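The values are calculated or read from the model by the stated rules, or taken from the named source; none is laboratory data. Since we're looking at a predicted model, the values are computed, not measured. FYI the Cβ positions are ideal-geometry reconstructions off the backbone, even for glycines, and counts take in every protein chain you see.
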Amino acid sequence: MEIFTTWQNLPAQVRGACVALGNFDGVHRGHAHLVAAAGAALPDARLAVLTFEPHPRELFRPDDPAFHLTLPPARARLLADLGVEIIYQLPFDAAFSIMGADGFIDDVLVAGLGARHLVCGPDFAFGHRRGGTIGMLTARATALGIGMTAVQPLADSAGPVSSSRIRRVLQDGYPERATDMLGRPWEISGVVAHGDQRGRTIGFPTANIALGRHLEPARGVYAVTVTLPEGRVVPGAANIGRRPTVNAGPESRLEVNLFDFTGDLYGQELRVALHAYLRGERKFSGLDELRGQIALDCAEARRILDAPPLE
């Protein structure tokens, strides 16, 4: 995997690729479908993705809550798993946002990337005020001798698989539905930070991870698995929320109790995968009631995670 944050003065070996276009937040089954179509469209070319960082929504609506399903490192890892060799991760700033649609085609796709073939979904739009349409891109690509494939979205019984649908089901407390659309459980990645040690005092030590730029899913308790830096996977139970019983403050965070695990995780990056939503966030009368509920939550999480997968 090679990642470039510019389209200018690129080495010859990363020009002339087959380029899939989009934001690819989540790298869900629909994205995998698009990448597979790109690989099939021009098998003798290197397979590349053109995406943006930050997401355009962060520039135009900076006060919106965090919404990312995947951050750039996870997105790159997942795209590499799909066979993508090159990522053009272009900075979406104020100057880039006013580039016209023709400029995007001429300066970025042609002069910069030297793209041999383009692949995108039917709703892909580009250029200043999203003035470039799929019809315009197809006509210009044809005139320039560049191959062009518009891929119909992958759909299930509820409609096209999309990042927005996945965000909604996570916010509604249905991680299993997100798993179906992603092709894997949704993960939050982050570095373990020091907390207030309260979990340790009630017998359930937790690793504390800031949500950062990740979407905040439904607040409450989840059955999870945790991937450690060396690749080991450990089951656990996690709470996402503001911890109202201990008046922890206005910022939500992820606290995960790893079952049957001992070790120092401070400063290490973990990947926490959400498998099932156990209950919503609520305030308890005190630490004794909280301790009893956590014991029940952990037992339920163990039961779910130990259950064999459905055929």
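Scan region 164-205 for residues that are part of a loop (DSSP other than H, G, I, E, B), modelled with pLDDT under 95 and farther than 16 Å from Ile240 by Cβ and jot them down.
Across region 164-205, the qualifying residues are His194, Asp196, Gln197, Ile202, Gly203, Pro205.
Here is a list: Arg302, Arg279, Arg291, Arg253. Which entry is in contact (Cβ under 8 Å) with a residue 60 or more places away in the chain and under 24 Å from Arg177 (Cα atoms)?
Going through Arg302, Arg279, Arg291, Arg253 in turn, just one is in contact (Cβ under 8 Å) with a residue 60 or more places away in the chain and under 24 Å from Arg177 (Cα atoms): Arg302.
Between Gly131, Gly147, Gly121, which is more than 25 Å from the chain's Cα centre (by Cα), modelled with pLDDT under 95 and either surrounded by 14 or more Cβ atoms within 10 Å (Cβ to Cβ) or not charged (D, E, K, R) (or both)?
Gly131
So, in region 1-18, of the ones that are part of a strand (DSSP E or B) and over 18 Å from the mean Cα position of the chain (by Cα), which residue ends up nearest to Gly145 (Cα to Cα)?
Filtering first and then ranking leaves Cys18.
Which members of region 92-143 meet the condition of being touching a residue at least 60 places away in the same chain (Cβ under 8 Å) and over 16 Å from Cys18 (Cα atoms)?
Matches in region 92-143: Asp107, Phe124, Phe126.
Please pick out the residue among Gly147, Gly159, Gly135, Gly121 that is under 21 Å from Trp7 (Cα atoms) and small (Gly, Ala, Ser).
Matching residue, one of Gly147, Gly159, Gly135, Gly121: Gly147.
A quick yes/no check of all residues on (1) within 23 Å of Gly147 (Cα to Cα); (2) assigned to a loop (DSSP other than H, G, I, E, B):
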site: Ala20; (1), (2): yes, no
site: Asp25; (1), (2): no, yes
site: His31; (1), (2): yes, no
site: Ala36; (1), (2): yes, no
site: Asp64; (1), (2): no, yes
site: Ala76; (1), (2): no, no
site: Ile87; (1), (2): yes, no
site: Ala95; (1), (2): no, no
